[in-house]
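In what follows, a single structure is set out as structure tokens and then discussed.
Just so you know, all these numbers are worked out from the coordinates, no wet-lab data involved. Just so it is clear, the structure is predicted and the values come from calculations on it, not from any experiment.
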């Protein structure tokens, strides 16, 4: 046994309505994050993720790719901030997840 920690093992988001394109068209200002290199702190739940593939959105349209951008958020807060869940799913080597929207996170770009 070890220290208690936060994990997202077997997390399931129930499919909702809408697609990534729908969510983008509804955005005033925001980012689309397709892929991250992340290192969550399993004890505190803090997540700092380098955006590997992402885009800046303004007025419902993708403006440009993101460069040198980090997202910071606590995993419990991330789940509380989910406002929309898509009707799609994407499979990676470690998870199956629908498109989802969160209302806010700490974003740093250099």
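A few comments on the model shown:
- Ratio of Rg to Rh over the stretch 45-110 (Cα coordinates, Kirkwood Rh, two decimals): 0.96
- For the chain, calculated [θ]222 nm from helices alone, where every DSSP H run of n ≥ 4 adds -39500 (n - 2.57): -3000 deg cm²/dmol
- For the chain, the ratio of Cα radius of gyration to the globular rule of thumb 2.2 N^0.38 Å stands at 1.09.
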